[in-house]
Amino acid sequence: MSELNTRNLLSHCIFETFHVRLVNKYLVMKILIINIKELVGVDENFNPYLSGAAMGKLHTIKNAFLFIDKGLILEFGSMEHLFIPEDWKKKGIKVIDAAGKLVFPSFCDSHTHLVYAGSREIEYIDKIKGLSYEEIAKRGGGILNSAKKLHEASETELIGDALERLEEITWSGTGAVEIKSGYGLNTEDELKMLRVIRDLKSLSPLTIKATFLGAHAIPIKYRCKQHEYVDMVINEMIPQVAAEELADYIDVFCDKGFFTIEDTERILMAGMKHGLKPKIHANELDYSGGIQVGVKYGALSVDHLEYTGDAEITALKDSETMPTILPGAAFFLNMVHAPVRKMIDAGLPVALASDFNPGSSPSGNMQLILSMGCIMYRMTPEEAINATTLNSAYAMGVSEELGSIAIGKTANVFITKPIPGIEFMPYAYGSNKVDTVILNGKVL
Ligand code: NIG
Ligand code: FE
């Protein structure tokens, strides 16, 4: 088959999937889940997020029910208070018996780069042999390597690959995901990435937020004139991204060897003029000042945070910015660990996200992130669950509708396999504990 025909066939398949998904997305029904061993993440106070000691409290109901209608959580409580109408079948209610199983709000993955072309396992070998992330980047590898591959890929190919990744994370319990651009690094390719993300929003049952990350790396031809690249981000990219309404947020990789505080301030101000709220990469490689600049511009989140000291903790205190840790990147790059225990003990909130990307974290498995949160950062299972659900929902601007079990929230939940209790979720790392996925009130 010629390449053209293969592409046409792929487009056709994508359209078919799109059509079926659209029909299914709105074919929601009433669902009653009964005999739930433990309903996890109940939040009757509609907290936007949890901080400090409150992160250690995970509200649950044992022997519970959950009622879903029109895609929303309509009622929940103890089985003792449940009255099931005799004619439930006639009333169009699907009853699911969850005896021995737990029900969780779906994970919210507030930081990913899951639209990308190809993979970078060669650099993985370089890393094993001792090259650092910065050294690989300096040689033109890293993000620039992905930018080259992305330039050569069509939108159709990028959509097809990203849909497969979305499917995979859906079955490991993710119900909402933020996706960044940043492998374009020129106006045309950045717009291409963001249009792909826009299309994914309608193709996938997941809740998706898009972040413009034109300032992810400096292309080689701008190496000695970085300010010209920043000018292009500000004067060319941001206005076009805004005109097509392609992004919800704006990001900058504010770190040693990448973008400076001054670059970051200029870019964030330009983005904010167009209504793009900041969410930034900060303090992964050094005490870059990125956390402070994020807080100064009211960032929704500052992410990575390996280099967080007392000054950074003070800056985050009393701010509305969610400190977000990316354990997958710290694990994969063998980096120092962010001082999560100290941050929570100082009263801060913390979110956890996957950073799913081909260079520093080629996995979007939030169950694994949960386990890493506990083992690598000494978070309790309760703290790590709050960090991957409600707090990460806040970090992507969706905690009013997702991230906990509360009346009126979107019914994005998963039912586990039969498991002993909540601690088993991070404990049994590497195996999939998710049995049934419900998104927008529909069983997948
Ligand atoms: O979050 N730190 C910057 N950006 C990504 C890495 C992207 C890549 O290496 O492709 C991150 O780790
Ligand atoms: Fe990232």
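Miscellaneous remarks
- Of all residues in region 223-271, those satisfying the criterion of being in a loop (DSSP other than H, G, I, E, B), among the acidic types (Asp, Glu) and away from ligand 1 (no atom under 16 Å from the Cβ) are 244, 245, 248.
- When the strands (runs of 3 or more DSSP E) confined to region 50-134 are screened for residues that are of a type in the set (Phe, Trp, Tyr), those reaching at least 2 such residues are found at 60-69.
- Candidates in region 65-112 are the residues that are closer than 18 Å to residue 409 by Cβ and without any contact (Cβ under 8 Å) to a residue 60 or more places away in the chain; of these, the one that is surrounded by the fewest Cβ atoms within 10 Å (Cβ to Cβ) is 77.
- Cβ-Cβ distances below 6 Å connect the following pairs, each with a first residue in region 225-238 that is closer than 13 Å to residue 187 by Cβ, a second residue that is crowded, with 16+ Cβ neighbours inside 10 Å and among the charged types (D, E, K, R), and a separation of six or more residues or different chains: 237/190.
- Condition check for residue 318: more than 16 Å from ligand 2 (Cβ to nearest atom), closer than 22 Å to residue 50 by Cα, at pLDDT below 95 and out of contact with any His (no Cβ under 6 Å at 6 or more places or on another chain): yes
- Candidates 192, 149: the one that is of a type in the set (Lys, Arg), away from ligand 1 (no atom under 14 Å from the Cβ) and modelled with pLDDT of 95 or more is 192.
- Of the listed requirements (1) more than 19 Å from residue 278 (Cβ to Cβ); (2) within 14 Å of the chain's Cα centre (by Cα), residue 209 misses just one: (1).
- Residue in region 211-218 that is in the same structural domain as residue 282 (by TED's automatic domain parsing) and exposed (fewer than 14 other Cβ atoms within 10 Å of the Cβ) present: no
- Residues within region 137-160 that are more than 16 Å from ligand 2 (Cβ to nearest atom) and within 20 Å of residue 213 (Cα to Cα), tallied: 12
- Filtered residues of region 294-321 (kept if within 16 Å of ligand 1 (Cβ to nearest atom) and either among the aromatic types (Phe, Trp, Tyr) or free of Cβ contacts under 8 Å to residues at least 60 places away in the same chain (or both)): 294, 299, 302, 304, 305, 306, 307, 308
The values are calculated or read from the model by the stated rules, or taken from the named source; none is laboratory data. In this text the structure is predicted, and so the values were computed from the model without any measurement. Ideal geometry is used to build each Cβ from the backbone, glycine not excepted, and the neighbour counts take in all protein chains shown.
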